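The structure appears right after this line, and notes come after that.
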Amino acid sequence: MTSGDTTSGEGLLESLEHMGAAERAEHDAEVSAAVAPGREIAVGQGETLLAVDALTVRFGGLTALDDVTFDVRRGEILGLIGPNGAGKTTCFNIMTGVYRPTSGDIRLEGRSLARMKRYRIIQAGVARTFQNIRLFGAMTALENVVVGTDARHRTSIPGALLRLPRHRREEREAVEKAMALLEFVGIAHRAADPATALPYGDQRRLEIARALATEPKLLCLDEPAAGFSAAEKDALSELILKIRDDGYTVALVEHDMRVVLGVTDRIVVLDFGRKIADGLPDEVRRDPAVVAAYLGGTVEDAEDQEP
Amino acid sequence: MRHRMSQISAFWNARSRVQQWGLLVPVVVFLLWLPVLNPPLITTEPATDFPIALFNAAVLALIAIGLNVVIGQAGLLDLGYVGFFAIGAYTTALLSSPDSLLGVRYPWLVIVPIAMLVTMISGVILGTPTLRLRGDYLAIVTLGFGEIVRLLADNIDPLRGNRGFQNIARPEATYPDGSPVFSQTDVLGFYWLAVCLIVIVLMLMGNLERSRVGRAWIAVREDEDVAELTGVPTYRFKIWAFAIGAAVGGLSGALFAAQVGYVNNQRFDVATSILYLAAVVLGGSGNKVGVIVGAFLVSYIPDRFQFEPQYRFLVFGLALMVLMAFRPQGLLGMRQHLLTYGRQAYRRLFGAGAAVAPTGMTASTRAAGDLPEVKPDDHAGTSPRGGGE
Amino acid sequence: MPAGGGRPTPPQERVISPVLGLAVLDPAVLDPAVLAPLVAPSEPWINFDVGLLVDRFWANTINGLAYGSIYALVALGYTLVYGVLQLINFAHSEIFILGVFGVYLTFLALGFEPGAIPDLPLGFIIVDLILAGLVAMVVSGLAAVLLERTAYRPLRRRRAPRLAFLITAIGASFVLQQLIRIWRGSNPEGTIRLLPPTPVFEIFGAPVTNLQILIFVASLAMFVVADTFVNRTRLGRGIRAVAQDPDTATLMGVNRERVITITFLVGGLLAGVAGLFYLMTIPQGAVYNGGFLLGIKAFTAAVLGGIGNLRGALLGGLILGVAENYGQSLFGGDWRDVVAFVLLVVVLMFRPTGILGESLARSRA
Amino acid sequence: MIRRRLAAAGALVAAAALVLSGCANQGGGEQQGGGPQAAAPSQPTDAVLPAGNGQGRCAPGTSIGYAGTIAGQNAALGIAIVNAAQLAVDQHNQANPNCQVTLVRADTGGTPDTAVGPTTALINNPQVLGIVGLPFSGESRAVGPALNAAGLVNITPSATNPGLTQNGWTNFFRGLGNDAVQGPAIGRYIQERLGAQNVCVIKDDSDYGIGLAGQVTQTLGPAASCQADVKTNQREFSAIIGQVQQAQPQAIFYSGYYQEAAPLIQQLRDAGVQTTFVGPDGVKDEQYVVNAAGSADGTLLSCPCVPQEGFTDFTNAYQQAFGVPPQTYSAESYDVTTILLQGIDQGIADRAGLLNHVRNYNGQGLTKRFQWSPNGELANTPVWMYRVQGNQIVTDSQIG
């Protein structure tokens, strides 16, 4: 996979290269306006967005999560790490309604997600990507992203059948926004290609764009760097930071410590379904419990381990 | 053939919508004129009346378009679609036949919306308990539903079983000379009506396809879990797919009942359902034009080549097997345009001059019909249950 | 006297007795003056005859278990293939009917003729039946493997989408059916019966015939053999491994293609046995399209019990066989299939993966 | 305990019924006085045959049509009819060098939806002057209005639903007795000759089965004490057997076709139900006897068809031409085809003329005298009872 340079976050629209600096700045502003409409990072930054409260999940006799409590704060990038089988993805699955908690609760801005229908959770503002990429293969990249925007659409069946004005307005806006998002993640030039025809790295970016299209308050990224080259990882880190800077809150499950330590504002560490640490990256990497969990080695050792 | 198909498809995709319409109108006019021309090699006479053969093909095409919504778009394997066709036909019969206990005779045009509504409701009734089921369970349950509809027509006395309903209402109109436009044997009027209905339904379905509805269906078909985790209310849209597919089935049932003028419980069996399925799959599930072609072939070929009716179903079964072995996506591959303003968006992206390039490029991969790479777990058929684990 | 000409009876003349279950005996229903000659609903179109249900309870149960055993044997074939390939092998009903023809042709080859019941010592008859059963197993087993090789394997090679498998299965079903029809004609084969049923003992007043005992016991035995094969043998472990996770199984050295072949073979063998029992119960059953409805029912049974689950197939088959009989007594003979399909829908509503749940692999875990 | 005693009593009653019915059967046989073959009529000496007088003249291309199933469901019935029609046409053409008539075949598939196209093709073929068919009542209903509008004479050799002649069609004629003739005859036979006061009427789900069952039930009145339904292609009848065992009738009338009747009688007999079993023409087929595997003996089979074994010329010619003996309705088909050919031989060259010819026809055929009422029913429609004896269907007596 040598697509690292082509997928780096810099503007990739062919047409953009012919733009002057001023035009370009203006264009970028348009893009981010479309990508993150009406977000103000300053407002409410640092307050609790998602509260995970004494969460316990059991499958048969197996306890996947055991009384886990932590917060995700507005405007931060939270890393969720731990050895294999620690319960990270289970945690994501609870957040997005794939599994239901055995006990405990999970609240987004005070609203419990524990019994909410999955698509309602998305509409409430939690979006995610998948460890093993799962795109809609029969659709183009652009169409994939538009599906994400549909989470916010209200067009009724008769409206669509008869192409009523609201339908037309929503469609136009959806395409605009989806194009902007593709540009934001840096794959706008592949908009017309079938999703599965995209290179691996671009598929990951497409998943992120699709998730962003649902206008989430919280974006959950499940091992976004898996299978990436070093250059790609750097580009990805850059993208994640850019997402945060545009006003999103990000929860990140990732094995690659360089990425985690490079972008996260705060880290929660899980081991065998229990939370063993929660703090700033520097605190966490020195936490003896965390070090012990990672095979008795240091977190630096773990960094070198490819998952 | 594959190459030729992809060329045609690429050519077509490269046209603007106006150009496409410009090409379509003469095609439709030709189709409307076809039974009048009755061209020597194409005609099914003397074995069977050519306009009737065409009308039957058109009804099957309408059915296939409706079934395509369910199977091709939403990916729900419905083996009991004939049940909806039957409900449409029976509703028409009950509301207009003198044999009906209801004792009313509504005009056909009044009945059609009622029939569509009734089938839509029955689609919802069938869908509500069953659409939470995974694919193969759904297949057997819908198959059971189709059988139940047939058996109810059989068992419930007021539905008259094998005795059937006579003198079902037809649309009322007369030619200047006073002869009826819509009759059982002179079906030119019915054929034209059917073609017009197909065009209208195609346009409406196209509108749906290029909206969040169509995208939701495709998303459900591609990966139901992910669709839901992307904010698609999958259950609701699956029920809509059933309801809309059912409504088209009801419409075709009403059309069929009107032309024959008689409905009984024959021909609503599983084998007929499977014939419908074959029409969809043969032409290319998910491709509206494809399913019309498929329906035409399934209906027309047995009428045209009556040389050995003995072997009809054998040939038919072999054709299905060979087709699946060499061209599983059907004669025309799957391709939906899912964005109302997609054309503009792509064109703007690549500049006006390059308009052909992206569509051409993608069309060649798609129009060749190559389905997206099949994921290994897809092949095994196990759709991953969970989100990401 | 045909006065009606298809006119419906006016609603006020349709007598449906308010007393449930006694409608048939209501004298008003039988009054000729009430009945229009052509559409005469000489009976209500649905009964609710609790009396008959109670009266026939044990007879229905015994008969249902015997007939349900045949469903179960065919259902095992569906469930095995489904467990390994996640494929509804639509053509399995034709594999079954090929077995039926295998039995029939063996009878012919042994010199039996359609019509009367031969007068032979029991020992000969048993030997002949076993012989016919073996032939049926070979025929069905080979046909199943051949079907797999010619129809499904090429698709797997091409990694075809799932729908393609199902359509191929439907196509194969048509082809096999039509080949039989072209070969043997569309009329049922003349009846050959070797073992007419005779009551052996009674349970609560309901006679149990030698045939019913044979079918039920032999089917249970076949099930135990199949279950043991899947659970205790090395090949069986391979089947389970592939059912659980084809890719991992392949990595762990299981020959997936071989496992699939074996699965089809086992399913075919069981269908062959079912064919023997079916023809013994229904001697008129050797007809080209005779497998279709039974196949659908057997598949229903498999889904009912939880497809992919061997015990589910057995349970589903028996439940379906019995429930159909109860339903017939309760509602009338023509409601049999409706009862079967409604039962399926109701069960799936409450247990979306069938009574015992899915998965060949997991149920053994 | 009580139930068991009841069951024992039931067995007694059943046995008594058996004895009674056995007596009745014998009585019937004696009344006929002589072997079964004696009852079958031989070919009437004045029967009109297809060959005519050999002086027929008609325009080349003159055709009559057969509309009916050839390859579809229940094709066997259609083939028996089309073969006999073909035989009549061939014999006619051989004898009349100046009038070569073509039989145009239209395969309707036997179902209403598929019947319209092929029949319309016949209607639109100006050389077709008359139609033999359609075999089934359902498809006849579907295309009847069109044939009537076209003024195309249409004689069915087998559709027996009485309602068909109540539609006001002026072109429709029936070449045999309808269910309203057969049904009451069966009912009377069961009551009077079998002396049964407690009869189970079992019907299938066909138009034919339901209509005929209605007729029989009506004639039987209160004696029709139990009713049961079977489905086409049903092969397992334990529930119905239970119902019969509970009702303990003195006779069973099955209204349907042999495909279901054969396993039904076999399973009834297996279950120890020895009640007299009566079936209609739909059951009267060699296949019934073969498929019932020895259980069919004693079954009584009625038919509005006249025994064919007496028509040796026809039977031999049919056997020679098609390799099989004529089946149910072959002779009827042969007769009605002959009537159409007669008209053509007389120089009729248009549909209206042929329609008129049939409407005013009065002549003897192999099976019966043909003369129709204005709505198209025959004036004279014999109904015969046959019986299975020693695995053969033999003629019992004329019952109506």
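Values quoted throughout were computed directly from the atomic coordinates according to the rules given, and no laboratory measurement underlies them. Being a predicted model, the structure only gives us computed values, none of them experimental. A quick note on method: Cβ atoms are made from the backbone with ideal geometry, for glycine too, and the neighbour counts reach across all protein chains shown.
Per the Kirkwood definition applied to all pairs of different Cα atoms, how many angstroms is the hydrodynamic radius of region A:147-304?
The answer is 17.8 Å.
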Point to revise | Charge dipole (region D:180-323, unit charges on Cβ, about Cα centre) - positive-most of D:223, D:187, D:321 | key: D:223
Practice item. Please compute the net charge surrounding residue D:63, taking Lys and Arg as +1 and Asp and Glu as -1 over other residues with Cβ under 12 Å from its Cβ. Key: +2
Check your understanding: Considering the dipole of chain B built from charges on the beta carbon (Lys and Arg +1, Asp and Glu -1) around the Cα centre, which of B:26, B:162, B:316 is farthest to its positive end?
Key -> B:26
Review point. Under a 5 Å amide H to amide H cut-off, with H placed in plane at 1.01 Å, what residues pair with residue B:263 once short-range neighbours are removed?
Key: B:165
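Would you mind working out the magnitude of the charge dipole of region D:178-317 relative to its Cα centre, with +1 at each Lys and Arg C-beta and -1 at each Asp and Glu C-beta, to the nearest 20 Debye? Kindly include the intermediate steps, with their values, before the conclusion.
On the way: 7 positive and 15 negative charges, 85 e Å.
In debye, rounded to 20, region D:178-317 gives about 400.
If you take the square roots of the eigenvalues of the alpha-carbon gyration tensor of region B:91-240 and sort them as a ≥ b ≥ c, do you get rounded (a/c under 1.5), prolate (a/b over b/c) or oblate? Please list the in-between numbers first.
Working: a/c = 3.07, a/b = 1.54, b/c = 1.99.
Oblate.
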**Study point:** Residue among C:160, C:144, C:218 with the largest mean-square fluctuation in a Gaussian network model of chain C, springs linking Cα atoms under 10 Å
**Key:** C:160
Check your understanding: Helix D:137-150 sits at what angle to the longest principal axis of chain D, using alpha carbons and giving 0 to 90 degrees rounded to 10?
Key -> 20 degrees
Practice item. Taking every Cα atom in region B:75-172, find the radius of gyration and the maximum pairwise distance Dmax, and write them in Å. Key: 14.7, 45
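Set the bar at 19 Å for Cα to Cα. Now go through A:177/A:217; B:238/C:297; A:88/A:275; A:177/A:242 and name every pair that lies beyond it. Walk me through the numbers before you get to the answer.
Working: A:177/A:217 17 Å; B:238/C:297 26 Å; A:88/A:275 10 Å; A:177/A:242 17 Å.
In this structure, B:238/C:297 lie more than 19 Å apart at Cα.
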Study note, to complete from the structure: Rounded to the nearest 5, the percent of DSSP beta bridges in the protein assembly as shown running antiparallel is 45 percent
Revision key, fill the gap. log10 I(q)/I(0) for region A:97-142, Debye formula on C-alpha points only (no solvent), q = 0.17, 0.34 Å⁻¹, two decimals, reads -0.62, -1.26
Exercise for review: Calculate how steeply helix D:207-220 sits against the longest principal axis of the alpha-carbon atoms of chain D, using the helix alpha-carbon long axis, and give the answer as 0 to 90 degrees to the nearest 10.
Suggested key: 50 degrees
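Dividing the convex hull volume of the alpha carbon atoms of region A:70-110 by its residue count, what do you get in Å³ per residue? Don't jump to the answer; show the numbers that get you there.
Numbers: hull volume 3.7 nm³, N = 41.
Per-residue hull volume (Cα only) is 89 Å³.
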Point to revise | Along chain C, longest interval not containing exposed trypsin sites (Lys or Arg not before Pro), exposed being DSSP loop plus at most 16 other Cβ atoms within 10 Å | key: C:160-365
Study note, to complete from the structure: At q = 0.13, 0.14, 0.18, 0.22 Å⁻¹, the log10 of I(q)/I(0) for region D:179-303 from a Debye sum over equal Cα scatterers comes to -0.42, -0.49, -0.85, -1.35
Check your understanding: Cα-based Rg (one decimal) and Dmax (whole number) for region C:65-362, in Å?
Key -> 18.9, 59
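Express in % the proportion of alpha carbon pairs of chain D at distances exceeding 42 Å. Can you show the working numbers first?
Details: 11705 of 79800 pairs.
Cα-Cα pairs of chain D separated by over 42 Å account for 15 percent.
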Review point. Given a cut-off of under 8 Å on Cα pairs at least six residues apart, what relative contact order in percent is computed for region A:90-238?
Key: 32 percent
Study note, to complete from the structure: At the level of C-alpha centres, the distance separating region D:142-215 and region C:47-77, in angstrom, is 36 Å
Study note, to complete from the structure: Applied in sequence order to region D:47-62, the curve 6.51 cos²θ - 1.76 cosθ + 1.60 (Karplus, θ = phi - 60°) yields integer Hz couplings, x standing for Gly and Pro, of 4, 7, 10, x, 4, x, 9, x, 9, x, 10, 8, 5, x, x, 4
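Over the Cα atoms of the protein assembly as shown, what is the Rg over Rh ratio if Rh follows Kirkwood?
Numbers: Rg = 35.8 Å, Rh = 35.0 Å.
Taking Rh as the inverse mean 1/r over Cα pairs, Rg/Rh reads 1.02.
Convex hull over the Cα atoms of region B:178-251, averaged projected area in nm²? Don't skip to the end; give the middle numbers.
On the way: hull surface 24.1 nm².
Computing the convex hull of the Cα atoms and averaging its projections yields 6.0 nm².
Over region B:171-276, what is the mean sequence separation of C-alpha contacts under 8 Å (at least six apart), divided by residue count, expressed as relative contact order in percent?
Values: 50 pairs, mean separation 22.0, N = 106.
Once divided by the residue count of region B:171-276, the mean separation gives 21 percent.
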Study note, to complete from the structure: What the 10 Å binned alpha carbon P(r) of chain B shows, as percent of pairs per bin from 0, is 5, 21, 32, 26, 12, 3, 0, 0
Exercise for review: In whole Hz, with x marking every Gly and Pro, tabulate ³J(HN,Hα) for region D:352-360 from phi via Karplus 6.51 cos²θ - 1.76 cosθ + 1.60, θ = phi - 60°.
Suggested key: 4, x, 5, 4, 4, 4, 5, 4, 9
Exercise for review: Calculate, in whole percent, how much of the Cα-Cα pair population of region C:197-316 lies beyond 24 Å.
Suggested key: 40 percent
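Tell me what the protein assembly as shown gives for mean residue ellipticity at 222 nm when only DSSP H runs of n ≥ 4 count, each as -39,500 (n - 2.57), the sum divided by the residue total, rounded to 500 deg cm²/dmol.
Working: 56 runs with 775 residues, N = 1461.
It comes out at -17000 deg cm²/dmol, rounded to the nearest 500.
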Practice item. Treat every Asp and Glu Cβ in region C:65-362 as -1 and every Lys and Arg Cβ as +1, leave all other atoms uncharged, and give the resulting dipole magnitude about the Cα centre to the nearest 20 debye. Key: 1260 debye
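Once R0 is set to 51 Å, what does the formula 1/(1 + (r/R0)^6) return for the Cβ-Cβ distance between residue A:107 and residue B:203, expressed as a FRET efficiency to the nearest 0.05?
On the way: r = 46 Å, r/R0 = 0.91.
Between residue A:107 and residue B:203 the formula returns 0.65.
Compute the normalised compactness of region B:250-325: alpha-carbon radius of gyration over 2.2 N^0.38 Å, N being the residue count.
On the way: Rg = 13.6 Å, N = 76, 2.2 N^0.38 = 11.4 Å.
Here the Cα radius of gyration is 1.19 times the empirical estimate.
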Review point. How far is helix B:312-326 tilted off the main Cα axis of chain B, in degrees rounded to 10, range 0 to 90?
Key: 10 degrees
Review point. How big is the charge dipole of region B:49-333 about its Cα centre, in debye rounded to the nearest 20, if each Lys and Arg gets +1 on its Cβ and each Asp and Glu gets -1 on its Cβ?
Key: 320 debye
Review point. With contacts defined as alpha carbon pairs under 8 Å and 6 or more residues apart, what's the relative contact order of chain B in percent?
Key: 28 percent
Revision key, fill the gap. Phi-derived 3J(HN,Hα) across region D:152-162 with the Karplus relation (6.51, -1.76, 1.60, θ = phi - 60°), rounded Hz, x for Gly and Pro, is 9, 5, 9, 10, 8, x, 8, 6, 10, 5, x
